[in-house]
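Taking it in order: structure first as structure tokens, then the write-up.
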Amino acid sequence: MAHKIATDRKLFVFDTMDEMDDFAVNIWNKIREESIAEKGIFTIALSGGQTPVPFYRKLGESVNPGLWNKTYIFFVDERFVSHSSKYSNYKTLKENLFLIIKKSAGGINPVPTGETTPQKAAEKYEKILKSFFRLSDKKFPEFDLILLGMGKDGHTASLFPGSNSLKEKKHLVIATRKKGMPFVERISLTLPVINNSKNIIFLVTGEEKAKTLKKVIENPKCNLPSSFVKPVNGIIYFLVDRQAASLFIE
Ligand code: 6PG
């Protein structure tokens, strides 16, 4: 069921996660085709968390492996832990997507969490992004697609309510303090990068997020990090299940 909420914000509510994930795979394929037709590559940044795991698996199983060649994968955020830690977003993506597509992706760019501090990891990741996108000073990368999740407290990426990182205007990547669970430091893309994306998909499920989602959907000016996601020139899709939407749909 589609609900149009503003020209650049599209809300779709699904009865099951399975339907939601099928829909997300279709949007993904459409954006991938358009991006490759336009410039020969498809650039994406993926989130961690549990909600997108079935989507990643579906994507890995349904998309022809040959089609991953021109796809360049980055991370929206990462926990400052080793890539083999159970808290690592890289590990989640590896187990639920990269192994399925047999590393045939054109390029996987993990956050370098082997650095000595989260700050150094953030600086290095920023350099990786600047070099890949050939960015001059004060420019931000333009991803074709960024996939986001939302926490119960309204955080997205590793941008938490009330955090200074929400005010970042200069950097592409920042290190954040220990805030949400798991209680570890994190590295995150900043809002200027997220908002420069051509397309953003939020995947949000579960009744425990209903109150927060209602605020973000009905009051885009509310003070929650997820409502600061407003692509400058892009489209934002909220793909949500009936439980998460229970407070604003019948
Ligand atoms: C992370 C994320 C984070 C996540 C939300 C929602 O690394 O934790 O990227 O922003 O998307 O916390 O997580 P769930 O999908 O597990 O609820």
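Scanning the range 58-67 for residues that are of a type in the set (G, A, S) and over 30 Å from R186 (Cα atoms), which turns out least open to solvent (accessible area, probe 1.4 Å)?
Of all residues in the range 58-67, those of a type in the set (G, A, S) come to 60, 62, 66.
Keeping just the survivors that are over 30 Å from R186 (Cα atoms) gives 62, 66.
Working: S62: 73, G66: 43 Å².
Within the range 58-67, the match that is least open to solvent (accessible area, probe 1.4 Å) is G66.
Exactly one condition in (1) in contact with a Lys or Arg (Cβ under 9 Å, 6 or more places away or on another chain); (2) modelled with pLDDT of 95 or more; (3) away from the ligand (no atom under 12 Å from the Cβ) is not met by F74; state its number.
The single condition F74 does not satisfy is (1).
I need the full set of residues from the range 23-57 which are outside any strand (DSSP E or B), touching a residue at least 40 places away in the same chain (Cβ under 8 Å), within 16 Å of the ligand (Cβ to nearest atom) and surrounded by 16 or more Cβ atoms within 10 Å (Cβ to Cβ), in order please.
A24, S47, G48, G49, T51, P52, V53, F55, Y56
Tally time: how many residues in the range 69-84 are in contact with a Phe, Trp or Tyr (Cβ under 9 Å, 6 or more places away or on another chain) and open to solvent by less than 30 Å² (accessible area, probe 1.4 Å)?
So the answer is 6.
I'm checking my understanding of the structure. Among residues of the range 195-213 that are aliphatic (A, V, I, L, M) and within 12 Å of the ligand (Cβ to nearest atom), which one is farthest from W28 (Cα to Cα)?
So in the range 195-213, the residues aliphatic (A, V, I, L, M) come out as 200-201, 203-204, 210, 213.
Within this subset, residues satisfying the condition of being within 12 Å of the ligand (Cβ to nearest atom) are 201, 203-204, 213.
Numbers: I201: 9, L203: 13, V204: 16, L213: 23 Å.
The selected residue is L213.
Being away from the ligand (no atom under 16 Å from the Cβ), crowded, with 21+ Cβ neighbours inside 10 Å and among the acidic types (D, E) is the requirement here; does D137 meet it? Reasoning before the result, please.
Numbers: away from the ligand (no atom under 16 Å from the Cβ): yes; crowded, with 21+ Cβ neighbours inside 10 Å: no; among the acidic types (D, E): yes.
Against the criterion (away from the ligand (no atom under 16 Å from the Cβ), crowded, with 21+ Cβ neighbours inside 10 Å and among the acidic types (D, E)), D137 does not qualify.
Just checking: which of the strands (runs of 3 or more DSSP E) contained wholly in the range 165-226 hold 2 or more residues that are of a type in the set (V, I, T) and open to solvent by 10 Å² or more (accessible area, probe 1.4 Å)?
On the way: elements: 173-176, 186-189, 199-204.
The strands (runs of 3 or more DSSP E) meeting that bar are 173-176.
Quick one: how many residues across the range 181-220 are more than 12 Å from D77 (Cβ to Cβ), in contact with a strand residue (DSSP E or B) (Cβ under 7 Å, 6 or more places away or on another chain) and β-branched (V, I, T)?
5
Against the condition assigned to a loop (DSSP other than H, G, I, E, B), open to solvent by less than 60 Å² (accessible area, probe 1.4 Å) and on the phi > 0 side of the Ramachandran plot, how does G154 come out, does it pass? Let's see the steps before the verdict.
Working: assigned to a loop (DSSP other than H, G, I, E, B): yes; open to solvent by less than 60 Å² (accessible area, probe 1.4 Å): yes; on the phi > 0 side of the Ramachandran plot: yes.
Yes, satisfied.
The values are calculated or read from the model by the stated rules, or taken from the named source; none is laboratory data. What you are looking at is a predicted structure, and each value in this text was computed from that prediction instead of being measured. Reconstructed Cβ throughout: ideal geometry from the backbone, glycine too, with neighbour counts over all protein chains shown. Areas reflect the complete protein model, heavy atoms only, side chains present, ligands, DNA and RNA absent. Shrake-Rupley method; radii C 1.70, N 1.55, O 1.52, S 1.80 Å.
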